[in-house]
Amino acid sequence: MTEDKTIKLFKCLSDKSRLQILKTLIHEDMYVELLAQRLDLAPSTISFHLKKLEDAGAVTSRKEQYYNIYSINEDIFKSSILDIIKEESSEADLQKQREDNYRKKVIDNFFEYGKLKNIPAQRKKRLIILEEIAKAFQPNKEYTERQVNIIIADFHDDFCTLRREMVGENILTRENSIYKLINSR
Amino acid sequence: MREIEEKYINYIDEKIAEHNSISEQHKIDDRKDESDLEKIKVNIYEIFRTLFLSDIKQLEGKNIGEKADINIYGGFLLRFDTIPTNWKMSLDKAIEHGDTTKQVIEEHKMSVAKGLKDRFIEMFEEHGRH
């Protein structure tokens, strides 16, 4: 488990309601309404906590008819705390984790449900969002300007600025009005 | 401030005190997220409190007699439609994208606004009957 995942898991566990949810799920799998009844909490509060537990990998869910049934993820709790502490990360791994975290933070701040809220003014952040948009392009495929505009417009209305920026930052190449994703991306 | 307005402000203040106390209790109980949700509710009560006081202030000093009731009633009632508009949009988006965390937050905000609206109508209608 990476240090980030460990911290996320422990932060998630340091809450009485979530601990009670896990204590209930250890006995049997359950759906939201039943957990709410057992723990005397509002179903919306239970859903809120289950989402956090699921994101931290502590529980899993499966759909059964009309219900989402939640189960404890036993594997994650089988590893001892000592093993987790002993796990070593190289400086390169830590650096990568820091970069990934920064990247995720920028993406979370600037995108909402897949739409770009606004174009960052800072170049470093702008580059991250341009790279994120670039994921919508297929490698080695040729695109007309209209096709590029349509793809970018799915993210933000100002597709002209973003298209020019993607060329300027060497994310896309443009030759004779044909665009291609640069292979190293 | 007239008696009915004071009564409504007192009601909001009681709700603020009640949810602040629940929030504190959750914090002591190591339920930080639930404590934060209570704080969100407090924040919404405070927003409507400020708006209500501002609506009253705007009418103060104006010689409108009995029309004060109609102005306050109609004007402030409109706030319950305009203020939660963005919350509703945000809630719909959250439901569409399965964003449970945001969904719960928006639902809490809207439930506070609904509670305040119901109480407001109830109090002013009762006041009108006397």
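Structure notes:
- Normalised alpha carbon radius of gyration of the protein assembly as shown [divisor 2.2 N^0.38 Å]: 1.33
- The tail of the calculated P(r) for the range A:91-181, taken as Cα-Cα distances beyond 23 Å, holds 26 percent of the pairs.
- Per-residue ellipticity at 222 nm from helix content only, as computed over the protein assembly as shown with -39500 (n - 2.57) for each DSSP H run of at least four residues, stands at -22500 deg cm²/dmol.
- Theoretical FRET efficiency, 1/(1+(r/R0)^6), r = Cβ-Cβ of A:Gln138 and A:Glu3, R0 22 Å, to 0.05: 0.05
- The GNM of chain B, with springs linking C-alpha atoms under 10 angstrom apart, assigns the highest mean-square fluctuation among B:Glu38, B:Glu106, B:Glu24 to B:Glu24.
- Loop-located trypsin sites (Lys or Arg not before Pro) in the range B:1-65, at most 16 other Cβ atoms within 10 Å (DSSP): B:Arg2, B:Lys62
- For A:Leu172, the residues whose modelled amide H falls within less than 5 Å of its own, excluding neighbours fewer than 5 places apart on the same chain, are A:Val167, A:Ile182.
- Derived scalar couplings between HN and Hα for the range B:96-103 equal 4, 9, x, 8, 4, 4, 5, 4 Hz in order, rounded to whole Hz, by the Karplus curve 6.51 cos²θ - 1.76 cosθ + 1.60 (θ = phi - 60°), x for Gly and Pro.
- The distance between label points at A:Gln37 and A:Glu74 comes to 2.6 nm (points 7 Å beyond Cα on the Cα→Cβ vector).
- Using a cut-off of 26 Å between Cα atoms, the listed pairs A:Lys23/B:Lys41; A:Lys8/A:Lys86; A:Lys63/A:Lys86; A:Lys51/B:Lys88; A:Lys117/B:Lys15; B:Lys27/B:Lys93 include A:Lys23/B:Lys41; A:Lys63/A:Lys86; A:Lys117/B:Lys15; B:Lys27/B:Lys93 as exceeding that distance.
- Across the range A:80-87, rounded Karplus estimates of 3J(HN,Hα) from the backbone phi angles (6.51 cos²θ - 1.76 cosθ + 1.60, θ = phi - 60°) give 7, 4, 4, 4, 5, 5, 5, 4 Hz, Gly and Pro being marked x.
- In terms of packing, defined here as the mean over residues of other Cβ atoms within 10 angstrom, the peptides A:76-88, A:100-112 line up highest first as A:100-112, A:76-88.
- Scattering curve values for the range A:3-83, log₁₀ I(q)/I(0), Debye with Cα scatterers, q = 0.12, 0.13 Å⁻¹: -0.32, -0.37
- FRET E, pair B:Glu125, B:Thr101, Förster distance 35 Å, beta-carbon r, rounded to 0.05: 0.40
- Folded to 0 to 90 degrees: helix A:159-168 orientation relative to chain A principal axis, Cα: 80
Only the coordinates and a few stated rules stand behind these numbers; no lab work does. Everything numeric in this text was worked out from a predicted model, so none of it was measured. Backbone-built Cβ (ideal geometry, glycine too); neighbour counts: all protein chains shown.
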